[in-house]
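Remarks on the structure that follows.
The values are calculated or read from the model by the stated rules, or taken from the named source; none is laboratory data. In this text, all values refer to a predicted model and were calculated from it rather than measured experimentally. Heads up, the Cβs are rebuilt from the backbone with ideal geometry, glycines too, and the neighbour counts pull from every protein chain shown. Accessible surface is based on the protein model in full, side chains and every heavy atom, while ligands, DNA and RNA are left aside. Shrake-Rupley method; radii C 1.70, N 1.55, O 1.52, S 1.80 Å.
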Amino acid sequence: MILGPWEASWPADRLGELLIEVVGRSTLGRGKVENPPASFDPTDAAQVELWIQAACDWLGVEAEPTQAAYPEVESFLRHGGPAILRMRVDREFRFLGLLGARGRKAKLLTPEGSVASLPITTLRDWLCARLEDPLDAEVRAFLRRAGVAEKEEERARSAVLRQRLGAARIGGLWMIRPGAGSSFARSLSRAGIPGRMALLTCGHGVQYALFLAAWWLIGRAALEGRVEPGWMAAWMLILLTLVPLRAAVTWLQGVVSTRAGGVLKQRLLAGALRLEPEEIRHRGTGELLGNVLESEALESLALGGGFLLLLGGVEIVMSGFVLAQGAGGLPHVGLLAAWIALTGGLGWVFFQRRVLWTRSRLDMTHQLVENLLGYRTRLAQEGRERWHEGEDRELEVYLRASSGLDRLTALLSAIVPRGWMAIGIAGLAPVIATGEPSMPRIALAVGGVILAYRALRSIAGGMAQTFGAVVAWQSVREMFHAAARPQHKSAPSVILDRGHAGGKLIEAREVTYVYPGRQAPALAHCDFEVKEGDRIMVQGPSGGGKSTLAAILAGLRRPGSGLLLLNGLDQQSTGTRVWRRAVVLAPQFHENHILTESLAFNLLMGRRWPAYPREIAEAIEVCKQLGLGELLDRMPAGIFQMVGETGWQLSHGERNRVFLARTLLQNQGLTILDESFEPLDSENALKASRLV
């Protein structure tokens, strides 16, 4: 049976069933969601995207909308699954469920519930037909005039189309990914970490078993005083086998590190985005920078220390087995166990010193960054004798902590393995003095001591790194756990059918908000309504609660009591994501930011990225209306010029107009401007007011 676009695709009224099947068969989760209502319009890309994202939220996963450049469509199909693809079939928009790819075949979920394999090139042709068909006749005629042979025509056609359509993008693609708050263990499992770790452990075990076998063969030959060609050949074969095995284990270790690090970073980023404003409001830039540095340390130290401990654990088991067979027997193994216990106690002292060192380092980093940020103010307003007040004291505390930690690190890395070497050899003296053990058993015991020395060296380094990771974890665990915080979800049917309650866009009744740790409310018993088309100015003294009200309306803070409705629904019914999309807030200048990216990204980050050409054109038009046309003309790359700390520097007024443009380009129902006109001169303020 040849599968065609119609047989493989799902109609729009069964999109909910398709999502359930894709999520379930991809082991991303379980759940139910209704099919789109009759009012669902599959030709409206914005409506389709909104519904798919809401349905995926409901199912506990994330739908990441993306676009694939024409030359990269095949690569997306090979690596982008599971995904939902929208395509036009016979003038009707239908949907494909891509489960993944194996080799040159893509796995598609059919409406009958079966999984069909389809050549990736065929699926690519289906998706690209809308772009290629208008040019097909022209390209083929050109190739015939050029005298291209018939058997080379298809390859030449593909090359010409790739050249002509290189900048074109294929939209209507949604990659289905685990939710930000999903189980971290499940995320690691989906990345294949447990299986690879088991394989890595087996690889280390086999590697050291071969290592011991090689030493046994050469040791036997040396002790017997004769070398047989067969035994030498076996010894050389083992050594040759160790080379590719060591390379494979090292490669596998790198894969595990990369994938586990990626999962951890995604989790921490999701957690950072879910922190409440009050949790970071009173933290300085230096403290936040310290948390970022600790997150990097957590990844590198945990993975590096974990691998060293794994390696040391395998070696210590092997060495214990060898020692048990040697001249010292079980008492020698007991001596090794006692030394490991002593190493553990030393590691605990190291952990406590590491805590003190990290604390002093973070305090010093925090103070240094804060001083750098306020450097000009200090020069202008603080007396010269106070410029470096406290810095010497902080450095002294840090140096003391560093010295203590360095001494203990030296003990762990040097004394622990070398001390065992001396004690292990000394432990053989009573046995050798009796004259009972044979030379092979003495050789086994010495080999076990040497192997335990190597194991303890790995364990000492692994303990130092692992304890460092544990200390770093204490700084970032809040972000890690924040990713799993429950978020209000909205049923997809609510997204498309959220009628206005009597034309009211926002309705507030008895809304009250009290900041944590305070008794007096910042807002008390607020009652108001906002209807479509209203333009309302809120005036009041500084600290009167205007910005607090704006944050509550935007969904950044939740009222302590009262009723707040958006289009007749509260935030629990609408969902956090939809609420924050429907209400756009331009914070005050000092709370808004230009990211180190292109100007286009900074303008359109509230919509989607990468943006469609029409959205870029819309952004350029809004910039011109806000008086930023001259800025675009000065920039070598225009709207795609890099801006921010490492790019084009914007003036105070230009930054504020970029903030305004970013807000206006989101095109949502309610727009809140928090003192956005204050930094502007009268001419630009007038231009901006006409657009709002």
* Restricting the search to the range 32-43, which residues are of a type outside the set (Val, Ile, Thr) and within 20 Å of GLY575 (Cβ to Cβ)? -> LYS32, GLU34, ASN35, PRO36, PRO37, SER39, PHE40
* Limited to the range 621-644, what total is found for residues that are free of Cβ contacts under 8 Å to residues at least 40 places away in the same chain and within 31 Å of the chain's Cα centre (by Cα)? -> 2
* Asked: Has the range 192-215 got at least one residue that is open to solvent by less than 80 Å² (accessible area, probe 1.4 Å), within 32 Å of the chain's Cα centre (by Cα), within 30 Å of LEU323 (Cα to Cα) and small (Gly, Ala, Ser)?
  -> yes
* To do: Return a yes/no flag: does the range 136-146 have any residue that is over 22 Å from SER75 (Cβ atoms), touching a residue at least 12 places away in the same chain (Cβ under 8 Å), open to solvent by less than 50 Å² (accessible area, probe 1.4 Å) and not in a helix (DSSP H, G or I).
  => no
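Residues of the range 28-40 being aliphatic (A, V, I, L, M) and open to solvent by less than 30 Å² (accessible area, probe 1.4 Å), which ones?
Of everything in the range 28-40, those that are aliphatic (A, V, I, L, M) and open to solvent by less than 30 Å² (accessible area, probe 1.4 Å) turn out to be LEU28, VAL33.
Let's see how each residue does on (1) at pLDDT 85 or above; (2) of a type outside the set (Asp, Glu); (3) over 25 Å from VAL256 (Cβ atoms); (4) touching a Phe, Trp or Tyr at 6+ places or on another chain (Cβ under 6 Å):
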residue: VAL160; (1), (2), (3), (4): no, yes, yes, no
residue: GLY166; (1), (2), (3), (4): no, yes, yes, no
residue: TRP174; (1), (2), (3), (4): yes, yes, yes, no
residue: GLY181; (1), (2), (3), (4): no, yes, no, no
residue: ALA185; (1), (2), (3), (4): no, yes, no, no
residue: SER189; (1), (2), (3), (4): no, yes, no, no
residue: GLY195; (1), (2), (3), (4): yes, yes, no, no
residue: LEU199; (1), (2), (3), (4): yes, yes, no, no
residue: GLN207; (1), (2), (3), (4): no, yes, no, no
* Within the range 588-630, considering residues that are part of a loop (DSSP other than H, G, I, E, B), at pLDDT 85 or above and closer than 28 Å to LEU505 by Cα, the one most open to solvent (accessible area, probe 1.4 Å) -> MET605
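For the structure I just gave you, tell me whether GLY113 is surrounded by fewer than 16 Cβ atoms within 10 Å (Cβ to Cβ) and touching a residue at least 12 places away in the same chain (Cβ under 8 Å).
In short, yes.
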* Structure fact -> Picked from the range 670-690 (must be open to solvent by less than 60 Å² (accessible area, probe 1.4 Å) and modelled with pLDDT under 75), the residue nearest to TRP609 (Cα to Cα) is ALA688
* Structure fact -> Result of the Cβ filter at 8 Å on the range 645-656, keeping first residues that are part of a helix (DSSP H, G or I) and partners that are of a type in the set (Val, Ile, Thr) and modelled with pLDDT of 80 or more, at least 6 apart or interchain, is ARG655/ILE594
* Asked: Which pairs do you get when a residue that is farther than 23 Å from TRP348 by Cβ, found in the range 413-429, comes within reach of a residue that is not in a helix (DSSP H, G or I), reach meaning Cβ atoms under 8 angstrom, with the pair 6+ apart or on two chains?
  -> GLY427/GLY328; LEU428/ALA327; LEU428/GLY328
* To do: Just give me the residues in the range 322-376 being outside any helix (DSSP H, G or I) and either under 28 Å from GLU396 (Cα atoms) or without any contact (Cβ under 8 Å) to a residue 60 or more places away in the chain (or both), in sequence order.
  => GLY374
* Asked: Do you know which residues across the range 41-64 are surrounded by 19 or more Cβ atoms within 10 Å (Cβ to Cβ) and hydrophobic (A, V, I, L, M, F, W, C)?
  -> VAL48, TRP51, ILE52, ALA54, ALA55, CYS56, TRP58, LEU59, VAL61, ALA63
* To do: Output the number of residues of the range 438-466 satisfying the condition of being open to solvent by less than 50 Å² (accessible area, probe 1.4 Å) and either among the hydroxyl-bearing types (Ser, Thr, Tyr) or within 43 Å of the chain's Cα centre (by Cα) (or both).
  => 13
* Residues being open to solvent by 70 Å² or more (accessible area, probe 1.4 Å), at pLDDT below 75 and of a type in the set (A, V, I, L, M, F, W, C): count how many of those fall in the range 217-240. => 3
* Asked: What are the pairs, 6+ residues apart or on separate chains, where a residue within the range 31-46 that is over 16 Å from GLU92 (Cα atoms) has its Cβ under 7 Å from a residue that is part of a loop (DSSP other than H, G, I, E, B)?
  -> GLY31/GLY60; PRO37/ASP497
* Asked: Has the range 167-177 got at least one residue that is hydrophobic (A, V, I, L, M, F, W, C), more than 30 Å from GLY254 (Cα to Cα) and either loosely packed, with under 12 Cβ neighbours inside 10 Å or touching a Gly at 6+ places or on another chain (Cβ under 8 Å) (or both)?
  -> yes
* To do: Answer with yes or no whether GLU49 is touching a strand residue (DSSP E or B) at 6+ places or on another chain (Cβ under 6 Å), among the acidic types (Asp, Glu) and in a helix (DSSP H, G or I).
  => yes
* Asked: Could you say whether any residue in the range 422-437 is open to solvent by 40 Å² or more (accessible area, probe 1.4 Å), assigned to a helix (DSSP H, G or I), at pLDDT below 80 and more than 20 Å from LEU330 (Cα to Cα)?
  -> no
* Please verify whether the range 546-557 includes one or more residues that are without any contact (Cβ under 8 Å) to a residue 40 or more places away in the chain, of a type in the set (A, V, I, L, M, F, W, C) and within 13 Å of ALA508 (Cβ to Cβ). => yes
* To do: Within the range 82-100, track down each residue that is surrounded by fewer than 21 Cβ atoms within 10 Å (Cβ to Cβ), touching a strand residue (DSSP E or B) at 6+ places or on another chain (Cβ under 7 Å) and either among the small types (Gly, Ala, Ser) or assigned to a loop (DSSP other than H, G, I, E, B) (or both).
  => GLY100
